[in-house]
Amino acid sequence: MIVNISSITKKKALVIFLVILSLLVLPYSAVADTVSDLQRQKEAYALEAQKAREQSQKKATEADYLRSKMSQLNAEIREAESSLAITNSKISETNSLIESLKKQITEQEEMLEKEKVTMNGIISSWYMEGDSTSMINNIFSSSNLSEVITRQEYYESIKQQIEIRMEKIEELKKQLYEQKTLQDNNMAELSQHKNNQLLQKNTIEQQRNYQSYLLKSTTNTINELKQQEKNATQKAQEIQSKINRISATKTWGGQITSSNDSSWYYSQLWYPNLYLGPSPYTVAQYGCLISSLAMVAKYYGRNYDIPSAVAASSFNSEGYLLYSPIVSDGGSQPINWSRVNEELASGHPVVVGVALGINMGNSYGVSHFVVLKPYSQNGNTYQMHDPLGAGRGYDLSQVKAMRIIR
């Protein structure tokens with residue numbers, strides 16, 4: 001007989017591969033029943049809606065602050081515009097005053113020129129100091145000497161008056177120039193003040209525009225969060241409707257039915273405030289597996305509050321069972337009714353996983369665990385302890401996995 005070593009090696013490798021694959025595919029974790037898992041989904045959506053609502057309220061507070069800030073900036077802009085209007089009015093008044101001073105200076109200069117012309121004409125015609133010929137002519141042209149003196153005094157008086165007027169004109173002209181210089185300086189200050197006000201106004205407007213941008217962005221975020229809250233709330237309501245429909249149907253089949261024997265029964269519903277380790281989930285919500293394990297442990301004679309002992313130390317933060325400290329649990333395996341019947345006939349209860357019509361994403365598609373009672377097989381019918389209570393029933397086709405407990 002010739003032995004094919006290569007064939008044996010391949011078979012061993014295949015066996016090792018299948019063993020490793022089974023370890024990966026069959027994780028040792030608890031799977032919630034349909035109602036509990038749906039409840040978890042509903043709570044997740046409710047939490048999402050709550051977070052969206054809280055964030056929306058926080059953003060609404062930010063939006064109120066931004067509106068208040070914009071209102072303040074708008075008031076500052078109005079104040080800046082009012083100050084600018086006053087400055088522009090002062091600039092206009094100053095310009096008018098400067099133009100008026102220019103006009104007055106021009107008028108005074110013209111009057112001064114006229115007075116100069118008048119005085120020069122008089123002096124040239126009637127009185128020239130140091131010109132003896134003119135003096136002699138004035139004397140001979142007069143009827144007497146007193147007339148000459150009188151005329152001379154008159155011209156002298158006219159000259160003095162003209163000189164006085166010229167001095168006054170020069171003084172007034174000087175004053176007008178001083179006023180104009182003062183107004184020119186005032187105009188320069190007003191122009192600089194106006195530029196500063198414009199710069200301040202532009203800065204405030206930029207701040208307002210930025211606040212407006214933030215407000216628009218915040219408002220959009222609020223709308224998105226409100227829509228997110230609405231969607232999550234709607235999802236939670238849809239799941240609650242599904243829970244209500246499932247809960248309204250207590251019996252999915254008649255081959256596995258609830259037993260009235262309560263001597264070693266535990267209900268997960270007895271523990272609404274007992275959390276699964278550090279997770280936010282309670283035994284009442286997702287404790288079908290540990291309640292089933294507790295029933296088996298109690299059946300074998302352990303009488304302390306087993307669910308509390310398991311829940312306190314055996315779960316991770318996501319609510320999955322890490323290990324069982326109360327029984328020797330081989331983990332989930334594909335359902336084998338021959339093995340189940342042997343166990344029951346030998347007086348050993350068997351935990352089985354049931355699929356309730358919703359794929360929960362685990363290896364077997366189960367969403368609830370129950371305990372088949374020893375010696376309860378009668379053909380294709382069995383009795384069970386259901387952690388969700390009496391009055392329920394399942395078909396054999398719904399059972400997808402088993403857990404052999406010692």
Any idea which of Lys173, Lys168, Lys180, Lys201 is within 49 Å of the chain's Cα centre (by Cα) and surrounded by 14 or more Cβ atoms within 10 Å (Cβ to Cβ)?
-> Lys201
Looking for whichever is at negative phi and free of Cβ contacts under 8 Å to residues at least 12 places away in the same chain here; the options are Glu156, Glu170, Glu178. Which one fits?
-> Glu178
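Would you point out which residue out of Val31, Val3 is closer than 29 Å to Pro272 by Cβ, outside any helix (DSSP H, G or I) and modelled with pLDDT under 85? Working first, answer last.
Working: Val3 fails: closer than 29 Å to Pro272 by Cβ.
Matching residue, one of Val31, Val3: Val31.
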How about the stretch 379-393: which of its residues are part of a strand (DSSP E or B) and touching a helix residue (DSSP H, G or I) at 6+ places or on another chain (Cβ under 6 Å)?
-> His385
What helices (runs of 4 or more DSSP H), lying completely within the stretch 286-375, carry at least 1 residues that are hydrophobic (A, V, I, L, M, F, W, C), more than 22 Å from Tyr265 (Cα to Cα) and at pLDDT 90 or above?
-> 337-345
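In the stretch 220-239, what count of residues is obtained for those that are out of contact with any Leu (no Cβ under 8 Å at 6 or more places or on another chain), surrounded by 15 or more Cβ atoms within 10 Å (Cβ to Cβ) and not basic (Lys, Arg)?
So the first thing to find is which residues in the stretch 220-239 are out of contact with any Leu (no Cβ under 8 Å at 6 or more places or on another chain), and the list is 220-238.
Filter again for surrounded by 15 or more Cβ atoms within 10 Å (Cβ to Cβ), leaving 221-222, 225-226, 228-229, 232-233, 235-236.
Applying the additional criterion that residues be not basic (Lys, Arg) yields 221-222, 225, 228-229, 232-233, 236.
Of the residues in the stretch 220-239, 8 are out of contact with any Leu (no Cβ under 8 Å at 6 or more places or on another chain), surrounded by 15 or more Cβ atoms within 10 Å (Cβ to Cβ) and not basic (Lys, Arg).
Residue-wise test of (1) over 30 Å from Leu344 (Cβ atoms); (2) of a type outside the set (Gly, Ala, Ser); (3) at pLDDT below 90; (4) not in a loop (DSSP other than H, G, I, E, B).
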| residue | (1), (2), (3), (4) |
| --- | --- |
| Glu167 | yes, yes, yes, yes |
| Leu176 | yes, yes, yes, yes |
| Asp184 | yes, yes, yes, yes |
| Lys194 | yes, yes, yes, yes |
| Asn209 | yes, yes, no, yes |
| Thr218 | yes, yes, no, yes |
| Thr233 | yes, yes, yes, yes |
| Ile243 | yes, yes, yes, yes |
| Asp261 | no, yes, yes, no |
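The values are calculated or read from the model by the stated rules, or taken from the named source; none is laboratory data. In this text the structure is predicted, and so the values were computed from the model without any measurement. Here Cβ is always computed from backbone atoms with ideal geometry, including for glycine, and neighbour counts include all displayed protein chains.
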